[in-house]
Amino acid sequence: MKAAVLHAFGEPPRYEEFPEPTAGPGEVLLRVKASALTQLARSTARGSHYARPTALPCGVGVDGAGTLPDGTRVYANGPRSPYGMMGELTVVPRDRCVPVPEYVDDVRAAALPNAALASWLALAHRTKLAPGETVLILGATGVAGKVAIRVARHLGAGRVVAAGRNEDVLKTLPGLGADATLSLDQSDDALAAALAKEDREHPIDVVVDFVWGPAAGVALRTFTGRGHVESVRRARYVSVGSMAGPVAPVPSEPFRSSGLELVGSGIGSVPVSAVIGSLPKIWELARAPDLPLSTESVPLASVAEAWDRPEPGGVRRVFVP
Ligand SMILES: NC(=O)c1ccc[n+]([C@@H]2O[C@H](COP(=O)([O-])OP(=O)(O)OC[C@H]3O[C@@H](n4cnc5c(N)ncnc54)[C@H](OP(=O)(O)O)[C@@H]3O)[C@@H](O)[C@H]2O)c1
């Protein structure tokens, strides 16, 4: 079969012949229809993600849409190494296959779960967003960040503040449901002042952070010094990605002087059952004709040249075998 094969971390995968997989116990053979070039697919192939492959050469791509031997259309993740999702065939655990409704096409079925689960799991599972709470999204101009606005609204957020770097995309976010926007492209002091003003006017309950790095250190400071209180207002900060850097300067004061709690959300911090169990709800988001998820379909045969080609802001590239 043809597949996208990784020979060295950091190099683009090559489109070439790869042995056909055979399903083992508890697995199923999947004929792949589409697989998205997510940041997870990229960073595992770079070798910089904690879920990177342990042996090369291997297939790439961590999730996608395809058909089971009985013809059922499914979304699946977690292909067994050395197979990836970016190939004509792969093998996945049977219990990681979720039927795709007919109103979601293969390309969207491949692109939506990663983008939406990022905030869904962070808000519904890791921070347990309560109706009416205020959510701040850091990195809201990316694919997952834009969908996060919709997810926060869907889960009952009372106010959504979208922060991002790309000014052009930032301007479009009120149209997607953000109540306020905030630029991440400013000095640390200016960002700190903007966040403090926002928090004074509408106390932030949950931060969904796709960027981490220096901006996270600044954002955490927002929670410093809520003063002596009769009852502590609980706030949650959830790290979902690290686009601006893998390490943040984490100050101590905000944690001592407010009800702030810091958690992460991703592979390893959320059980697979919660990931798979959330998908039927994720498909419901796709019923909205204006769901903010733009995709670009590219033939898998072009994987080597398309891998590192920059995408227009907020568009997800999807490979089609
Ligand atoms: N844990 C999970 O469950 C989960 C699931 C999905 C995604 N993620 C992670 O979430 C992150 C975002 O994913 P995505 O799909 O939205 O990626 P994406 O579409 O490529 O968007 C990346 C976002 O990060 C911003 N960004 C990049 N470098 C930055 C910097 N130095 N400073 C500030 N902002 C910066 C981009 O801003 P511009 O628009 O200005 O370029 C954009 O908003 C990734 O780290 C990804 O691995 C985690």
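Bear in mind these aren't lab numbers, they're just calculated from the coordinates by the rules spelled out. A quick note: this is a predicted structure, and the numbers were derived from the prediction, not measured. Neighbour counts are summed over all protein chains in view; Cβ atoms, including those assigned to glycine, are modelled from backbone coordinates with ideal geometry.
Rounded to the nearest 500, what is the chain's calculated 222 nm mean residue ellipticity when only DSSP H runs of at least 4 contribute -39500 (n - 2.57) each, over all residues? Write down the numbers at each step before the final one.
Details: 9 runs with 86 residues, N = 321.
Estimated from H runs of four or more residues: -7500 deg cm²/dmol.
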For the stretch 2-13, 3J(HN,Hα) per residue [Karplus equation, 6.51 cos²θ - 1.76 cosθ + 1.60, θ = phi - 60°, Hz, x = Gly/Pro] = 8, 8, 8, 10, 9, 9, 8, 4, x, 8, x, x
Evaluate the distance, in nm, between pseudo-label points positioned 7 Å from the Cα of Lys281 and of Ala301 along their respective Cα→Cβ axes.
-> 4.2 nm
Could you give me the ³J(HN,Hα) list for the stretch 124-137, computed from phi with Karplus coefficients 6.51, -1.76, 1.60 and θ = phi - 60°, whole Hz, x at Gly and Pro?
-> 7, 9, 7, 10, 6, 3, 9, x, x, 6, 9, 10, 9, 10
State, to one decimal in nm, how far the label point of Arg256 lies from the label point of Arg309, with both points 7 Å from Cα in the Cβ direction.
-> 5.4 nm
Evaluate the distance, in nm, between pseudo-label points positioned 7 Å from the Cα of Arg94 and of Ser231 along their respective Cα→Cβ axes.
-> 4.9 nm
Here the residues of the stretch 33-57 lying in the modelled label zone of His7, meaning backbone nitrogen under 13 Å from a point 7 Å along Cα-to-Cβ, are 57
Charge sum, other residues only, whose C-beta stays under 12 Å from Arg46's C-beta, Lys/Arg counted +1 and Asp/Glu -1 | 0
Computed FRET value (nearest 0.05) for Ser269 with Ser81, which takes r as the C-beta separation and R₀ as 22 Å | 0.55
Length gained, Glu102-Thr67, 0.36 nm per residue minus C-alpha separation, equals 11.3 nm
Convert each backbone phi in the stretch 102-115 into a coupling constant with the Karplus relation 6.51 cos²θ - 1.76 cosθ + 1.60 (shift: θ = phi - 60°), then list the ³J(HN,Hα) values in order as whole Hz, x for Gly and Pro.
-> 5, 7, 10, 6, 4, 5, 5, 5, 7, 8, 5, x, 4, 5
For Val247, put the label point 7 Å out on the Cα→Cβ axis and report which residues of the stretch 202-226 keep their amide N under 13 Å from it.
-> 213-214
Once fully extended, how much extra length lies between Arg46 and Glu17, figured as 0.36 nm per residue of separation less the alpha-carbon to alpha-carbon distance?
-> 8.3 nm
Considering Cα pairs under 8 angstrom that are at least six residues apart, work out the relative contact order of the stretch 10-157 and quote it in whole percent.
-> 22 percent
Fewest-first ordering of Asp179, Asp168 by Cβ atoms within 10 Å yields Asp168, Asp179
Report, ordered by chain and residue number, the lysines lying within cross-link reach of Lys146, taken as a straight Cα distance under 27 Å and ignoring same-chain residues fewer than 8 apart.
-> Lys33, Lys128, Lys171, Lys197, Lys281
Looking at the chain, which longest stretch skips every one of the chymotrypsin sites (Phe, Trp or Tyr not before Pro) that is in a DSSP loop with at most 15 other Cβ atoms within 10 Å, leaving the sites themselves out?
-> 104-321
Between Ala178 and residues 5 or more places away or on another chain, which pairs have amide H atoms under 5 Å apart, with H built 1.01 Å from N, and which residues are they?
-> none
Rg/Rg_globular for the stretch 114-264, with Rg_globular taken as 2.2 N^0.38 Å and Rg from C-alpha atoms | 0.94
Cut-off under 5 Å, modelled amide H: who pairs with Ala235 long-range | Gly259, Leu260, Glu261
